[in-house]
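Structure first, then comments.
The values are calculated or read from the model by the stated rules, or taken from the named source; none is laboratory data. Given the structure is predicted, the values throughout are model-derived calculations rather than measurements. Note that we place each Cβ from the backbone using ideal geometry, even for glycine, and neighbour counts take in every protein chain shown.
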């Protein structure tokens, strides 16, 4: 991280906090400007995105340090089990960051993600794949797009009713 101020609508996540093993992302295979002339393909209703990531067993420890969220349910397995959880659970904001990442990788970088709204609905655990999916619902006259999205782990929805706005 550079220590420089972060512009509204943009963020940085240090590589050590991003965590997880990366899988195939961006269903169309298009990421950022194409090699031919630097032009992005147009966004169309029905376009899809997908990101698969498997958080490793140390992710919540690294993310706690990066985010400052040291809630024991994220870093202390024994305590998490004592309070009825399956063990340490993923930070909700880490899951949301993967939803944001899916959009920025699919649509050309962090500058294109104008807004992201999600509802947290489930608890995620380490070493199980998280699948982020989305589909373009609408492309407006100005070229901006509205994308419906969610994140799942196994049969559980971790994030539902996600809506992203993509800049033209």
ask   = When you scan region 120-150, how many residues do you find that are farther than 24 Å from residue 85 by Cβ, more than 14 Å from the chain's Cα centre (by Cα) and touching a residue at least 12 places away in the same chain (Cβ under 8 Å)?
value = 10
task = Could you tell me which numbered condition residue 64 fails, if it satisfies all but one of (1) within 15 Å of residue 127 (Cα to Cα); (2) touching a helix residue (DSSP H, G or I) at 6+ places or on another chain (Cβ under 6 Å); (3) surrounded by fewer than 20 Cβ atoms within 10 Å (Cβ to Cβ)?
result = (1)
message = residue 53 - would you say it is crowded, with 19+ Cβ neighbours inside 10 Å, touching a helix residue (DSSP H, G or I) at 6+ places or on another chain (Cβ under 8 Å) and touching a residue at least 24 places away in the same chain (Cβ under 8 Å)?
response = yes
query = Does any residue of region 9-30 turn out to be surrounded by fewer than 12 Cβ atoms within 10 Å (Cβ to Cβ), modelled with pLDDT under 95, within 15 Å of the chain's Cα centre (by Cα) and part of a helix (DSSP H, G or I)?
reply = yes
Single residue of 153, 98 found to be modelled with pLDDT of 95 or more, under 11 Å from the mean Cα position of the chain (by Cα), within 24 Å of residue 59 (Cα to Cα) and surrounded by 14 or more Cβ atoms within 10 Å (Cβ to Cβ) = 98
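Looking at 90, 116, which is the one that is on the phi < 0 side of the Ramachandran plot, at pLDDT 95 or above and either in contact with a strand residue (DSSP E or B) (Cβ under 7 Å, 6 or more places away or on another chain) or surrounded by fewer than 19 Cβ atoms within 10 Å (Cβ to Cβ) (or both)?
Working: 90 fails: either in contact with a strand residue (DSSP E or B) (Cβ under 7 Å, 6 or more places away or on another chain) or surrounded by fewer than 19 Cβ atoms within 10 Å (Cβ to Cβ) (or both).
The match here is 116.
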request  = Determine, yes or no, whether residue 106 is crowded, with 20+ Cβ neighbours inside 10 Å, under 14 Å from the mean Cα position of the chain (by Cα) and on the phi < 0 side of the Ramachandran plot.
outcome  = yes
